[in-house]
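Inspection log for the structure reproduced underneath, given as structure tokens.
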Amino acid sequence: MNKYVKRYLIDAMSGMAQGLFASLLIGTIIKTLGSQLLKIPQSMDESTFQMMLTQAFNFLVTAGTFAMNANVVGAAMGIGIANAMKVDPLVLFSTAVVGAAANVTGGAGGPLAVLVIAIVSAEVGQLVSKKTKVDIIVTPAVTILAGSLLTVLTAKYIGDAAASIGKLVMWATELQPFWMGIIVSAIIGIALTLPISSAAICAAFGLTGLAGGAAVAGCCAQMVGFAVMSYKENKTSGLLSQGLGTSMLQMPNIIKNPLIWIPPTVASMITGPIATCLFKMEMNGAPISSGMGTCGLVGPIGVITGWLEPSAKAVENGASAINPGWFQWLGLVLVCFVLPAVISWALGLLFRKLGWIKEGDLTLA
């Protein structure tokens with residue numbers, strides 16, 4: 001394999017995915033857990049124990065919010081990229097600043113901006129690292145200034161290009177439920193796995209209702225699909241890191257063999273219209289939940305929350321609280337967990353027999 005492809009796409013993208021998991025994704029999981037647990041003391045009588053529970057669960061929300069901060073997420077991704085590139089320490093630490101600036105400026109396409117800008121600034125920093133007697137000043141200054149200049153010149157445009165996916169999604173929401181289910185599910189699911197933020201796209205466009213349900217289906221298909229399909233290589237740790245974390249961990253492997261992306265994507269194109277046409281599954285929780293999939297179970301929790309207490313954006317779009325019956329619960333379980341697992345596993349098995357997926361193609365770094 002070309003060493004530059006390995007360094008800039010496979011290694012750097014793997015590091016970025018780990019940085020994203022260690023900030024935004026784990027932060028979302030912690031915050032969601034705290035938010036849901038807060039409902040327990042709210043239903044209790046006034047007591048010292050209730051106050052202690054409230055404080056503990058509020059702490060989870062606070063900690064998760066810290067981790068989800070755009071500056072923190074950008075810094076984590078920048079460091080992850082530089083670490084994967086094995087740069088010198090001063091360059092590594094300086095990419096925290098570069099990553100934060102690029103992520104904030106890039107908006108919904110922030111992660112893609114971070115990937116491009118952190119790579120370039122890290123390489124520029126390496127050119128001067130340990131070349132002068134005042135390395136502790138020169139190396140961070142060069143790395144940060146190069147990254148900041150690139151951010152000012154390009155981050156917004158990179159972000160806008162990535163966010164254009166959101167415009168395609170909004171066009172798809174105007175179609176009939178069947179075609180909308182296929183297109184939205186596939187696009188948002190692919191965006192979840194790509195180095196762009198599907199959650200940010202869904203939040204930016206206020207994606208709720210049937211379109212939100214299709215987005216949840218697509219994201220779940222990618223995460224559950226890759227988790228189950230790669231169980232042979234990655235065992236329980238891979239099942240959890242992809243199924244409850246992010247399918248972006250597979251991007252380096254996708255670059256090596258794009259065929260591995262077909263089963264989860266096909267699964268999303270099947271579960272999307274099933275969600276919109278058969279089960280009428282709406283995601284009326286916070287719009288960001290539409291783009292999270294099974295990351296910390298945020299997507300399914302958003303569907304449940306939307307049933308019981310729709311978000312302000314969902315209400316604005318005409319949603320109202322419902323009392324879900326067995327059919328709604330069945331749809332949620334099938335669309336978010338069972339069908340993606342079965343479809344991706346079956347197609348993955350077929351692809352292995354055809355030789356399209358070989359031993360080790362799905363192994364996580």
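The values are calculated or read from the model by the stated rules, or taken from the named source; none is laboratory data. Bear in mind that the values here come from a model prediction, so they are computed numbers and not experimental data. Please note: Cβ atoms are built from the backbone with ideal geometry, for glycine as well, and neighbour counts cover all protein chains shown. To get the accessible areas, we keep the full protein, side chains included, count just its heavy atoms, and leave off ligands, DNA and RNA. Shrake-Rupley method; radii C 1.70, N 1.55, O 1.52, S 1.80 Å.
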From the options Leu244, Leu240, residue that is surrounded by fewer than 24 Cβ atoms within 10 Å (Cβ to Cβ), under 12 Å from the mean Cα position of the chain (by Cα) and of a type outside the set (Val, Ile, Thr) | Leu244
Quick check: anything in segment 84-93 open to solvent by 50 Å² or more (accessible area, probe 1.4 Å), of a type in the set (Phe, Trp, Tyr), over 27 Å from Asp361 (Cβ atoms) and free of Cβ contacts under 8 Å to residues at least 24 places away in the same chain?
-> no
Residue in segment 259-271 that is assigned to a helix (DSSP H, G or I), touching a residue at least 24 places away in the same chain (Cβ under 8 Å), closer than 30 Å to Ala312 by Cβ and in contact with a Lys or Arg (Cβ under 7 Å, 6 or more places away or on another chain) present | no
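Which residues, taken from segment 187-208, are assigned to a helix (DSSP H, G or I), modelled with pLDDT of 85 or more and open to solvent by 10 Å² or more (accessible area, probe 1.4 Å)?
Our first condition is that a residue be assigned to a helix (DSSP H, G or I); within segment 187-208, this holds for 187-193, 198-204.
Keeping just the survivors that are modelled with pLDDT of 85 or more gives 187-193.
Hits for segment 187-208 are Ile187, Ile190, Leu192.
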Specify the residue that is most open to solvent (accessible area, probe 1.4 Å); the eligible residues are those in segment 295-322 that are closer than 18 Å to Ala275 by Cα and part of a loop (DSSP other than H, G, I, E, B).
-> Ile322
So Tyr231 clears everything in (1) without any contact (Cβ under 8 Å) to a residue 24 or more places away in the chain; (2) within 26 Å of Ile81 (Cβ to Cβ) except one condition, right? Which one?
-> (2)
Using beta carbons and a limit of 8 Å, which pairs, at least six apart or on different chains, have the first residue in segment 284-309 and at pLDDT below 90 and the second one part of a helix (DSSP H, G or I) and basic (Lys, Arg)?
-> Ala286/Lys313; Pro287/Lys313
Which listed residue, of Leu153, Leu92, is closer than 24 Å to Asp11 by Cα and in a helix (DSSP H, G or I) = Leu92
Any helices (runs of 4 or more DSSP H) falling wholly within segment 1-72 and containing at least 3 residues that are surrounded by 15 or more Cβ atoms within 10 Å (Cβ to Cβ) | 12-20, 26-37, 48-68
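Looking at Lys232, Lys130, Lys167, can you tell me which residue is basic (Lys, Arg), under 21 Å from Val338 (Cβ atoms) and surrounded by fewer than 20 Cβ atoms within 10 Å (Cβ to Cβ)? Walk me through how you get there before you give the answer.
Values: Lys130 fails: under 21 Å from Val338 (Cβ atoms); Lys167 fails: under 21 Å from Val338 (Cβ atoms).
Selected residue: Lys232, the only one of Lys232, Lys130, Lys167 that is basic (Lys, Arg), under 21 Å from Val338 (Cβ atoms) and surrounded by fewer than 20 Cβ atoms within 10 Å (Cβ to Cβ).
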